[in-house]
Structures are given as C-alpha cells and as structure tokens.
Amino acid sequence: MSVTLLACVVLLMFAAPAQAQEEAGPILTEARVVVEMNQDGNNNVEATYTVEGTEGLEGGPLEHLLVSQPGAEVNEISVVEGGSGEVESPEGEGVTRVQVPVSGDPATYTLRYEVRTDQQTFTVPLVVPDVVVAQPGDSDIVIETLLPEGERLTGEVFPSVTGREMRDGRQVLIHRVNNVPSRTIAQYGEEVGSFGISNLTVGAALAVFGAVLFFWYRTTFGGGSR
C-alpha cells in the first residue's frame with residue numbers, strides 16, 4: 001500500500017507541471033512599439049507584437065487593453081499585418097478592451113493608430129496585449145519615441161531612456177523594458193542654440209563681475225598713484 005501511495009505522489013508531481021503547461025494561455029515574447037510625436041498633436045503609433053500560445057484561439061480575437069489618458073484621444077485602430085479581420089474597439093471610459101483578430105502560432109501582427117493630443121499634452125496611450133509577458137531573458141521589448149524635428153527632451157519621460165540616436169533629423173529615445181506600459185511620456189521643446197538663455201545668463205554674470213573688478217582695481221591702485 002505504501003508503494004502504491006508513493007507511486008501516486010510521483011505521478012502527481014510529474015502531471016502537475018504538464019497540466020499547468022497545457023492550461024497556460026498566450027504569452028508575449030517580442031514587442032517593438034514606435035511612437036512618432038508631432039508638434040500638431042497628431043501622433044502616430046505602430047506596434048508589432050509576437051505572442052506565443054495562440055493556437056487555442058483558433059483564429060479568434062486576442063484581447064488588448066487601452067487605458068484612457070487625459071488630453072489624448074485614440075482614433076481608429078487597424079491591423080496592417082498579421083491580422084485576419086477588423087479590430088473591435090468599443091467606446092469606454094477608463095479601460096477599453098480591444099479585440100484584435102490574429103492568426104498563426106506564434107502570432108506576429110502589427111497595429112497602427114493615431115493619437116490626437118491636446119496642446120501641452122505629451123502622453124501617448126498604447127494598445128497592449130492582455131497576456132502574460134515572458135521572463136526578461138526570454139523576451140525582447142523595445143519602445144522607440146521619435147520627437148518632432150528640431151525638438152529635444154526637456155522634461156518628464158516614461159519609460160526610462162536606455163539609449164538615444166538621430167533618425168531623419170529627429171531625436172529618437174530608446175526604451176528597453178520588461179513589459180509594455182499603458183502609455184509613453186516625452187515632454188519636448190525647441191532646440192537651444194549655442195547662444196541660448198543659459199549661455200547668455202553666464203555671459204552677463206561674467207560681464208558684471210569684470211566691470212566690478214575693473215572699478216575696484218582702478219579705485220584701489222589708480223587713486224594711490226596720483
């Protein structure tokens with residue numbers, strides 16, 4: 001009886017991980033999100049995702065989440081590659097559940113949409129797959145934020161910037177992250193030339209200091225020679 005009981009325990013130990021693996025849902029392994037910010041407030045987003053374990057969907061929709069952001073409005077979302085139908089995006093407040101039809105396993109597809117932001121709003125919401133994200137060593141998630149031409153980062157930024165480069169006259173902020181955030185933030189402003197405000201301030205201070213030093217020298221040494 002003891003041997004039988006021990007055998008049952010061993011079988012359960014091996015069966016449990018197998019059952020958990022079978023019940024595991026889709027998992028996000030790769031993502032490349034490009035956010036193109038423009039001065040007129042019409043910002044473009046293109047997101048390419050790779051999700052494994054989508055065989056159980058049988059060509060059905062994969063749920064995504066869209067979190068509303070103040071001063072930002074997401075226009076029509078479309079699948080430009082890797083999709084098999086129209087995106088269903090019911091209007092909602094707070095969190096909108098977006099149904100994206102995908103095919104294949106793994107499923108690699110690209111979403112494209114426009115985000116209209118108010119003046120002085122630098123937050124762009126992202127449409128994110130509502131699935132588990134693979135461990136950092138097994139995932140590759142990169143977000144690129146393109147600032148308008150001639151602009152530079154002047155304030156708040158999210159996620160953290162891990163690299164920068166120039167592309168077609170635009171500064172590109174590169175974010176390597178462990179999961180896809182619900183939004184990106186990049187507060188930008190005009191480029192400051194070599195004679196910017198800070199340089200003018202320093203120059204004025206040096207000029208005042210030089211004038212004070214000149215009058216001090218003249219008063220101290222010039223008066224004594226007469």
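Observations, loosely collected:
- Residue among Gly41, Gly71 that is at pLDDT 90 or above, open to solvent by less than 20 Å² (accessible area, probe 1.4 Å) and over 26 Å from Asp140 (Cβ atoms): Gly41
- So Glu114, is it modelled with pLDDT under 95, farther than 19 Å from Glu52 by Cα and open to solvent by 40 Å² or more (accessible area, probe 1.4 Å): no
- Residue list for the range 158-175, restricted to those being within 12 Å of Met37 (Cβ to Cβ), out of contact with any Phe, Trp or Tyr (no Cβ under 9 Å at 6 or more places or on another chain) and open to solvent by 30 Å² or more (accessible area, probe 1.4 Å): Arg170
- Among the conditions (1) assigned to a strand (DSSP E or B); (2) of a type in the set (A, V, I, L, M, F, W, C); (3) under 18 Å from the mean Cα position of the chain (by Cα), Val100 misses just one, which is (3).
- Filtered by the rule that a residue be open to solvent by 70 Å² or more (accessible area, probe 1.4 Å) and outside any loop (DSSP other than H, G, I, E, B), the range 130-153 gives Val132, Pro136, Gly137, Asp138, Asp140, Arg152.
The values are calculated or read from the model by the stated rules, or taken from the named source; none is laboratory data. A quick note: this is a predicted structure, and the numbers were derived from the prediction, not measured. Cβ atoms come from the backbone with ideal geometry, glycine included; neighbour counts cover every protein chain shown. Only protein heavy atoms, including side chains, enter the accessible area calculation; ligands, DNA and RNA are left aside. Shrake-Rupley method; radii C 1.70, N 1.55, O 1.52, S 1.80 Å.
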